[in-house]
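Notes for the one structure printed next.
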Amino acid sequence: MVRNHPVEKQVCQIRREYPYFGKEKIKRILERDYGINISVSSVGRILTQYKSILPKIKSQTKRVRTLKKKRIRLAQVKKDMKGIISEWLQMDTIELNLRLTKIFLFSAIDPLSRLYDVRVYHRATSLNARDFLFRLTYLHHHKIKYLQIDNGSEWEKYFIQEVEKRKITLVYNYPKSPKINAFIGRVNGTVQNEYLDRFYEETNVGKINEILYDCLMEYNFFRPHRSLNLLTPIEYCSNLLNNRDPSMVQMYWTQTNA
């Protein structure tokens, strides 16, 4: 069919009623409902000709981008860090398939002292993330200022509410950038390579956490760390905290991690 004013008017009318319909859909409606046989390219030229008086189509991808929250990155806050123990923690969640069950490890490490904490849950939810945060803040004597996390859903809702309540700054990793979270990634690898066999047969979360507690004692109090000049994390903390006796730091840590 040759383009004429009635055809152009009908194309514009359909576009006004359905502004997100493209030229292929409009062509199909013209054929199906009005018996108008017109090419897709002709519909496209009509839409271009009358573009100034037709509704503008908003790009969905651009709209989604504007709705995203502005997320703080590590480079933005590093200059404000004072370099003290417990100020900045990296957090992560990993899924482990044991012999008879599946568990989720919530873990956190202080990149300065390498002090590490981990706890097992049945599910990776924001409620469990909040519970883990309760334990972390108590363990670190409420000195946490920055928490570095990935973009997982467990770090939303209840977790964010608690973070805001405690006035902690959330620092987000860039997607698909594991090197940014290298400290926690490395120690989680250690847990899987060296400690997994100790609880691989277990199905009870409480029992697994008891076993992991012994692993934490080994990691934080006994295992020398090359990055700490072959000190343990607790020895390193003791040296920084006014040369406090390591046994006193150990007593505090074991009480708060129970």
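Please treat every number below as a calculation from the coordinates, not as lab data. Note that the structure is predicted; figures quoted are calculated from it, not measured. Backbone-built Cβ (ideal geometry, glycine too); neighbour counts: all protein chains shown.
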Original post:
Hey, which aspartates and glutamates would be in cross-link range of Lys56, C-alpha to C-alpha under 17 Å, not counting anything within fewer than 8 residues on its own chain?
Top reply: Glu17
**OP:** Calculate how steeply helix 23-34 sits against the longest principal axis of the alpha-carbon atoms of the chain, using the helix alpha-carbon long axis, and give the answer as 0 to 90 degrees to the nearest 10.
**Re:** 50
Original post:
For the pair Lys176 and Tyr138, how long in nm is the line joining their label points, each one 7 Å along Cα→Cβ?
Top reply: 4.1
Original post:
Can you flag which of Lys70/Lys179; Lys78/Lys167; Lys102/Lys157; Lys79/Lys179; Lys78/Lys179; Lys70/Lys143 are past 27 Å Cα-Cα?
Top reply: none
Original post:
How far is helix 246-256 tilted off the main Cα axis of the chain, in degrees rounded to 10, range 0 to 90?
Top reply: 50
**OP:** Return, ordered by residue number, the residues of the stretch 1-20 whose backbone nitrogen is under 17 Å from a label point located 7 Å along Cα→Cβ of Ser41.
**Re:** 1-4
**OP:** Calculate how many DSSP beta bridges within the stretch 74-256 are antiparallel, expressed in % of all such bridges and rounded to the nearest 5.
**Re:** 70
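Could you please tell me the mean projected area of the C-alpha convex hull for the stretch 5-57, averaged over all directions and given in square nanometres to one decimal?
Taking a quarter of the hull surface, the average projection is 3.2 nm².
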Subject >> Estimated distance in nm for a label pair at Val77 and Arg99, the labels positioned 7 Å out from Cα along Cα-to-Cβ >> reply: 4.1
Subject >> Net charge of neighbours whose Cβ lies under 12 Å from the Cβ of Thr169, counting Lys and Arg as +1 and Asp and Glu as -1 >> reply: +3
Original post:
Relative to the present Cα-Cα distance, how much length would full extension add between Tyr213 and Asp197 at 0.36 nm per residue of separation?
Top reply: 4.3 nm
Original post:
Across bins of 5 angstrom width beginning at 0, how are the C-alpha pair distances of the stretch 74-256 distributed, in whole percent?
Top reply: 1, 8, 16, 21, 21, 17, 11, 4, 1, 0
Original post:
Between the helical axis of 40-49 and the dominant principal axis of the chain, each derived from Cα atoms, what acute angle in degrees is found, rounded to the nearest 10?
Top reply: 90
**OP:** List the GluC sites (Glu not before Pro) within the stretch 145-224 that fall in a DSSP loop (any state other than H, G, I, E or B) and whose Cβ has at most 14 other Cβ atoms within 10 Å.
**Re:** Glu156, Glu201
Original post:
Exposure proxy check: Arg135, Arg186 ranked by fewest other beta carbons within 10 Å?
Top reply: Arg186, Arg135
